[in-house]
1. Of everything in region 108-127 that's of a type in the set (D, E, K, R) and over 23 Å from GLU382 (Cα atoms), which residue is surrounded by the fewest Cβ atoms within 10 Å (Cβ to Cβ)?
2. Pairs only if they're at least six apart or on different chains, beta carbon under 6 angstrom, first in region 281-293 and within 15 Å of THR327 (Cβ to Cβ), second more than 16 Å from the ligand (Cβ to nearest atom) and outside any helix (DSSP H, G or I); list them, first residue then second.
3. Residues of region 19-35 being among the basic types (Lys, Arg) and under 24 Å from the mean Cα position of the chain (by Cα), which ones?
4. With respect to VAL88, is the statement that it is modelled with pLDDT of 95 or more, under 23 Å from the mean Cα position of the chain (by Cα), among the β-branched types (Val, Ile, Thr) and closer than 18 Å to ALA371 by Cα true?
5. Can you name every residue in region 305-343 that is closer than 24 Å to VAL224 by Cα and of a type in the set (A, V, I, L, M)?
6. Please work out which one of (1) farther than 17 Å from GLU165 by Cβ; (2) surrounded by fewer than 16 Cβ atoms within 10 Å (Cβ to Cβ); (3) touching a strand residue (DSSP E or B) at 6+ places or on another chain (Cβ under 8 Å) is the condition LYS49 fails and give its number.
7. Identify, from the list VAL88, VAL35, the residue that is crowded, with 16+ Cβ neighbours inside 10 Å and under 27 Å from ARG163 (Cα atoms).
Amino acid sequence: MIHPRLFLKPGREKSLLRRHPWIFSGAVERIEGEVEAGAEILVADAKGKILAVAGYSPASQIVARVWSFDPDEKIDAAFFRKRIAAAVDYRRRLGLMDVEGGCRLIFSEGDALPGVVADRYGEFAVVQFLSAPAERCREIVADELTALGLKGVYERSDASIRRKEGLPERSGVMRGAEPPAEITVTEAGDIFAVDVRRGQKTGFYFDLRDARQLVRRLAPGKRVLNAFSYTGAFGVAAMKAGATGVVNIDSSRPALRAAERNYELNGLAAPECVCADVFDELRRRVASGEKYDLVILDPPKLVASQRDLVRGCRAYQDLARLGFMLTSPGGFMLNFSCSGLMTMELLEKVTASAALEAGVAPVLAGTVRQAADHPVALAVPEGAYLKGRLNFIGI
Ligand code: SAH
């Protein structure tokens, strides 16, 4: 069989030679042969030298995602099985495969499976296929996860990003049992209830595992403000670790109801929850002169594309300024960005400007990144989407 070929414009093979797996539409000179969305395509430089085999994504700006830099590699079931096994093996070696807990099992480019995401919640897996090529291994992923001995595999390919790929949103049971409305996962002795069918993304943010550990370390004796709390995971971690109180703020009522359940599961008194827009609520609290010993700001992705960068930076800066104004002398302000386009350097600049505006002179007490089950391939630094900065304001 003659494979269809994608020829790059002269000079546009550079990133590929550095093993970066994305081919942007602007780098393509021409495509020879018939190729369907999600199917294999050979990628050649302008002179015709074949460099890689990729999955074709015609509706996306990233028109092809490399599966293998060995152009002879066959992209068949055995190929995907090997990649899935390697991803699971890594989590095992990280010590994240305990049945009571959970972790991300497959993280897209970080596991050389572009567009494929799988999270394990106890004995259930939740999967997302976020690109046309990812659809190719859909059944294989479901089979392999089932073969791990899990009770069920549930699909949550209902992310809006699928529309950019020209794919319909889809969710439902793929294998085994329907997941219960509440699955509990244990992390460092804290219990979290997850609704994998209706929760955000796949239900819970395992990427914040290290951040929660940082919060546990800082929490004893502190009064905490947890902005963008979602289901109150930071709140539970802080209270269990000895915080004197946590105010959780989120605009989602279901998320705050889930926070109440999480507190209850951990034997904590009912949480203090405020259902409001964080920007408004923080302004109100600044106006009434409130102060906290630890302020956590974990907004959703505020920069989705290069076009949003300036506006997004302003929003991050605004939040950080309000966060600093709410931090007591001797207190910490932990601000996050989960936007891939917002680098740690950019977040640093924005946070420094916010400190100036707030009239404080913080020091950097540490940084935190996405947990290790969200690996970043060195060739694909864009995978490092989550960054947190721990700022300390002296007395
Ligand atoms: N820190 C959370 C995850 C945050 S996800 C955790 O530990 O699990 C981002 C959250 O921000 C979502 O729950 C979403 O409902 C909320 N959110 C988004 N925009 C908001 C806004 N303007 N005001 C309040 N909450 C908002």
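1. GLU123
2. LYS291/SER328; TYR292/ARG223; ASP293/LYS222; ASP293/ARG223; ASP293/SER328; ASP293/GLY331
3. ARG19
4. Yes: the conditions hold for VAL88.
5. Once the filter is applied, which keeps residues that are closer than 24 Å to VAL224 by Cα and of a type in the set (A, V, I, L, M), region 305-343 yields ALA315, LEU319, ALA320, LEU322, MET325, LEU326, MET333, LEU334.
6. Among (1) farther than 17 Å from GLU165 by Cβ; (2) surrounded by fewer than 16 Cβ atoms within 10 Å (Cβ to Cβ); (3) touching a strand residue (DSSP E or B) at 6+ places or on another chain (Cβ under 8 Å), LYS49 violates only (3).
7. Values: VAL88 fails: under 27 Å from ARG163 (Cα atoms).
Sole residue among the options that is crowded, with 16+ Cβ neighbours inside 10 Å and under 27 Å from ARG163 (Cα atoms): VAL35.
Okay, residues lined up against (1) farther than 23 Å from PRO220 by Cα; (2) touching a Leu at 6+ places or on another chain (Cβ under 9 Å); (3) touching a residue at least 12 places away in the same chain (Cβ under 8 Å):
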{"position": "LEU334", "(1), (2), (3)": "no, yes, yes"}
{"position": "CYS338", "(1), (2), (3)": "yes, yes, yes"}
{"position": "LEU346", "(1), (2), (3)": "yes, yes, yes"}
{"position": "ALA361", "(1), (2), (3)": "yes, no, yes"}
{"position": "ALA372", "(1), (2), (3)": "yes, yes, yes"}
{"position": "VAL376", "(1), (2), (3)": "yes, no, yes"}
{"position": "LYS387", "(1), (2), (3)": "yes, yes, yes"}
{"position": "LEU390", "(1), (2), (3)": "no, yes, yes"}
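The values are calculated or read from the model by the stated rules, or taken from the named source; none is laboratory data. Values in this document were obtained by computation on a predicted structure and should not be read as measured data. Every residue, glycine as well, gets a Cβ built from its backbone with ideal geometry; the counts of neighbours run over all protein chains shown.
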